Amino acid sequence: MDLSRREFVKTAVAGSLAAGAGGLLAGCGIAAAPTASSAPVASGPPRRGGTLSAAITGGSTADTLDPLEAITNADFSRIDNLYEPLVGLTPDAQPVLVLADEVTPNATATEWTIRLKPGITFHSGKDLTADDVIYTFQTIMNPKAPAAAAAGLSSIDAKGITKLDSLTLRIPCTTPFASLYEALAIPGYSDVIPVDFNLSAPVGTGAFKLQSFTPGTQSTFVRYDGYWQTGLPYLDEIVITDYSDATGQVNALLAGQADVVNLLSADVIAVVQSQGKKILISDGGGWNPFTMRVDSAPFNDVRVRQAMRLAIDRPQMMEILFGGTGTIGNDVFGIWAPEYDHALPQRHQDIDQAKFLLKAAGHEGLAFQLVTSDIGAGTVQAAEVLAQQASAAGMHLNLSDVTVNDFYGPGYLKWVFAQDFWYYNFYLPQVSLATLPTAPFNETHFDNPGYIKLYHEAIATVDEAKRRELCFEMQRIDYNEGGLIIPFFPPVIDGYGANVHGLVPSKGGLSLNAYDFKRLWLS
């Protein structure tokens, strides 16, 4: 763990000097067992008014207000209040209609009909219509500048989308696209922008409209009085400030400079609670993988990839990072999806087998670099734990701790061994983002012809049971041959002041009501 940061927080907040550090694994006990607080209980109905100050980690000078190109935590904290999707996720990580009133396929899933809810306007006052949705899809799938969602929506015939009436459109597909509804639920995949969208003065249909934005620093949003959901939002204003680490976040919360903070690690829970602040722990389905490039030595040898997986003591890593909360990972994503294969044998630490595989691959005493950054909850600490655990198998990891700016700079998607963070997505849409050669974020450079064939079969299969079996086959390839290590699905640990109400646990991996601030209120 980053002991100096942790001790600094304790010293600055509690006013006492912590003594001693000890070894990484031996000296990182949790000060107090973390306890999840329930959503705040307040007397009386929600109150209107006030400014919510949110201290959000994971941003950079590359921050964006473009809902089609969001990458960082800070990006999503802004776009989820400025824009809205056709389909979103419930707190239980299930798809739910938002702007859409209907998303219906024909019998073969070669054509989908989308009908919008009436009476919705953009911040400009313009009505939301089918034209805006068509424009959004065609912008996403612009062949000259495709957005991140383009790969996952590639079955759509964007040029063939037709407007049936002012609120209804028909989407033809070049092949059956049975998983479109789930794909639209990916954060950012179906956020709708108007036909006259201007990124320098962006408008959406969200509960808050933009007042100011300085990338890497701060953004301010104010209530949209024309918002379509009656009575919402409660707040007058939200101010989102980028923070580089948990120390600054926690100190801001305890000093009353921030009302909510996101993506904390377990080592600060006791400090936060001791000062009268609150903690909310959600059993998230997001994931913080280690990424191994399968086209670069030493990870182009599957034996090395498997040895690395076997070197990890997953329960120990979770205990150190999150006090034992969260869910053990098994190197396959999509934990809440109905097509997730829970029958795959749980992978455990096996140092002898890891050594055997390294020797067989000719890589005894392997030394290499792991690029890490404070991009998600516990990522740097996880890298430190992995380095010590892997040393038992004779591997020597040199940690390169870079800034968030540098991590998402020119080296992103090129690092041989690194990390990343993801929110929860259903299995097949996540494949389109991360593990196909056409995926926009294929950090592992995975390119398996059999896997690709199974994917295209799966998204075209209307029968859910058959589609699930195809997904199981793909997950066996992920498990045995892929370039991702998923040791855990981290809990989402948020801190908030006693004056904040309306927070509920969310399984999607996003913090603070999945950044849905319209339901929060202050007392």
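The values are calculated or read from the model by the stated rules, or taken from the named source; none is laboratory data. Please read all numbers here as calculations on a predicted model, not as lab measurements. Reconstructed Cβ throughout: ideal geometry from the backbone, glycine too, with neighbour counts over all protein chains shown. What goes into the accessible areas is simple: the full protein's heavy atoms, side chains included, and nothing from ligands, DNA or RNA. Shrake-Rupley method; radii C 1.70, N 1.55, O 1.52, S 1.80 Å.
Summary of values
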read-out	value
Which listed residue, of Gly411, Gly329, is touching a strand residue (DSSP E or B) at 6+ places or on another chain (Cβ under 9 Å), touching a residue at least 60 places away in the same chain (Cβ under 8 Å) and open to solvent by less than 20 Å² (accessible area, probe 1.4 Å)	Gly329
Whichever residue in the range 415-465 is touching a residue at least 24 places away in the same chain (Cβ under 8 Å) and of a type in the set (Asp, Glu) and, among such residues, is nearest to Ala383 (Cα to Cα)	Asp420
The range 272-292 residues that are closer than 11 Å to Ile486 by Cβ and part of a strand (DSSP E or B), paired with ones that are at pLDDT below 95 and open to solvent by 10 Å² or more (accessible area, probe 1.4 Å) (beta carbon under 6 Å, 6 or more apart)	Trp287/Trp422
Members of the range 490-516 that are under 18 Å from the mean Cα position of the chain (by Cα) and of a type in the set (Phe, Trp, Tyr)	Tyr515
Residue list for the range 72-120, filter: open to solvent by less than 50 Å² (accessible area, probe 1.4 Å), out of contact with any Asp or Glu (no Cβ under 6 Å at 6 or more places or on another chain), in a loop (DSSP other than H, G, I, E, B) and more than 21 Å from Gly376 (Cα to Cα)	Glu84, Leu86, Thr90, Ala109, Thr110, Ile120
Among the residues listed as Ser219, Ser212, the single one being open to solvent by 40 Å² or more (accessible area, probe 1.4 Å), more than 24 Å from Gln419 (Cα to Cα), not aromatic (Phe, Trp, Tyr) and not in a loop (DSSP other than H, G, I, E, B)	Ser212
Contacts under 8 angstrom Cβ, first residue in the range 99-125 being farther than 22 Å from Thr174 by Cβ and among the polar types (S, T, N, Q), partner part of a loop (DSSP other than H, G, I, E, B) and open to solvent by less than 50 Å² (accessible area, probe 1.4 Å), 6 or more apart	Thr121/Leu128; Thr121/Thr205; Thr121/Gly226; Ser124/Pro194; Ser124/Val203
Top-ranked residue in the range 333-367 [being of a type in the set (A, V, I, L, M, F, W, C) and either assigned to a loop (DSSP other than H, G, I, E, B) or modelled with pLDDT under 95 (or both); ranked as most open to solvent (accessible area, probe 1.4 Å)]	Ala343
Residue under evaluation Ser506, criteria (1) modelled with pLDDT of 95 or more; (2) under 20 Å from Gly376 (Cβ atoms), criterion not met	(1)
Condition met for Ala390 (assigned to a helix (DSSP H, G or I), among the hydrophobic types (A, V, I, L, M, F, W, C) and out of contact with any helix residue (DSSP H, G or I) (no Cβ under 6 Å at 6 or more places or on another chain))	yes
Matching residues, the range 125-176, being of a type in the set (Gly, Ala, Ser) and either out of contact with any Asp or Glu (no Cβ under 9 Å at 6 or more places or on another chain) or modelled with pLDDT under 95 (or both)	Gly125, Ala145, Ala147, Ala148, Ala149, Ala150, Ala151, Gly152, Ser154, Ser155, Ala158, Gly160
Flag for Pro172 being open to solvent by less than 60 Å² (accessible area, probe 1.4 Å), more than 25 Å from Phe122 (Cα to Cα), in contact with a helix residue (DSSP H, G or I) (Cβ under 8 Å, 6 or more places away or on another chain) and not in a loop (DSSP other than H, G, I, E, B)	yes
Number of positions in the range 255-275 that are open to solvent by 20 Å² or more (accessible area, probe 1.4 Å) and under 11 Å from Ala498 (Cα atoms)	4
Residue list for the range 302-324, filter: open to solvent by 30 Å² or more (accessible area, probe 1.4 Å) and assigned to a loop (DSSP other than H, G, I, E, B)	Asp313, Gly324
Among (1) hydroxyl-bearing (Ser, Thr, Tyr); (2) free of Cβ contacts under 8 Å to residues at least 60 places away in the same chain; (3) in contact with a strand residue (DSSP E or B) (Cβ under 9 Å, 6 or more places away or on another chain) - the single one Thr230 does not satisfy	(3)
Every residue from the range 106-137 that is in contact with a Phe, Trp or Tyr (Cβ under 7 Å, 6 or more places away or on another chain) and at positive phi	Ala109, Gly119
Residues of the range 160-206 satisfying the condition of being free of Cβ contacts under 8 Å to residues at least 24 places away in the same chain and small (Gly, Ala, Ser)	Gly160, Ser200, Ala201
Selection count, the range 222-243, where residues are open to solvent by 40 Å² or more (accessible area, probe 1.4 Å) and either of a type in the set (D, E, K, R) or modelled with pLDDT under 95 (or both)	4
Residue that is nearest to Ile171 (Cα to Cα), among those in the range 190-204 that are open to solvent by 10 Å² or more (accessible area, probe 1.4 Å) and among the aliphatic types (A, V, I, L, M)	Val195
Some residue of the range 427-435 being part of a loop (DSSP other than H, G, I, E, B), closer than 24 Å to His342 by Cβ and out of contact with any strand residue (DSSP E or B) (no Cβ under 8 Å at 6 or more places or on another chain)	no
Matching residues in the range 444-474 - criterion: being outside any helix (DSSP H, G or I) and open to solvent by 40 Å² or more (accessible area, probe 1.4 Å)	His445, Asp447, Val462, Asp463
